[in-house]
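Trainee: One structure follows; several queries about it will come next.
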Amino acid sequence: MQLRQYEDLLARVAVDLQRYLIGRGAQREVAEDICQDVFIKVLEMELVLPPHELRPYLYRVAWSTYLDYYRRTQRYRQLVTQYLQPDYHRTDIKMNDELLMALNKLPPRDRHLLLLRYDQELPILEVAAQLQVKPAAVKMRLHRMHRKLEKILRRGSYERE
């Protein structure tokens, strides 16, 4: 098979793979990201498969990657629902007292950022637009807050740093 034919085959498989993932419940953006990740993995592995083995292999890798993404997303939603509800005093949610105290010690600006990202489930770009900062700044602030919360919880001290 010529290189150009192989590239055309890969392009068709990429489109079919996206349709497959969307048909199985993935959002379009997620399906596109997963397809890109799958092809990057294959390129990094320098895996050369015959055309009749390529399609099944890519479908298996794409499906397992999507399942990993789905499980991770569900776990994040569960944690957000459990720990970051805007009304901390709801009786139907039993929040970890230590985490509640740590969250209450965060500055209001940080709590607002956490609520935008995890409670309202806004993408990084929308959070950045609302806060009028760059997306990289949002990511860095979230990373720092996660580290700060972890440090507070590990130390058991609820004093503002």
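Only the coordinates and a few stated rules stand behind these numbers; no lab work does. As the structure is a prediction and not an experimental result, all values here were calculated from the model.
Trainee: Output the Kirkwood hydrodynamic radius of the range 1-152, Cα pairs only, in Å rounded to one decimal.
Mentor: This gives a value of 18.4 Å.
Trainee: Under a GNM of the chain (C-alpha, springs under 10 Å), which listed residue has the highest mean-square fluctuation: L47, L21, L67?
Mentor: Sorting by GNM fluctuation, first place goes to L47.
Trainee: Using the Kirkwood radius over Cα pairs, work out the Stokes-Einstein diffusion coefficient for the range 87-155 at 20 °C and 1.002 mPa s, in µm²/s as a whole number.
Mentor: 166 µm²/s
Trainee: Would you mind calculating the gained length between K139 and L43 on full extension (0.36 nm times residue separation, minus the Cα-Cα distance), in nm to one decimal?
Mentor: 31.7 nm
Trainee: Would you please state the base-10 log of I(q)/I(0) at q = 0.24 1/Å for the range 3-79, with intensities from the Debye formula using one equal scatterer on every alpha carbon?
Mentor: Once normalised to I(0) and log-transformed, intensities are -1.14.
Trainee: Cut-off under 19 Å on the C-alpha distance; same-chain residues fewer than 8 positions from K134 excluded. Which aspartates and glutamates are left, in chain and number order?
Mentor: D110, E121, E126
Trainee: Taking 0.36 nm per residue of sequence separation and subtracting the Cα-Cα distance, how much length would be gained by fully extending the chain between E7 and H112, in nm to one decimal?
Mentor: Between E7 and H112, full extension yields an extra 33.1 nm.
Trainee: Mean Kyte-Doolittle of at least 1.0 and a Cα length of 20 Å or more along the axis: which whole DSSP H helices of the chain meet both?
Mentor: The qualifying helices: there are none.
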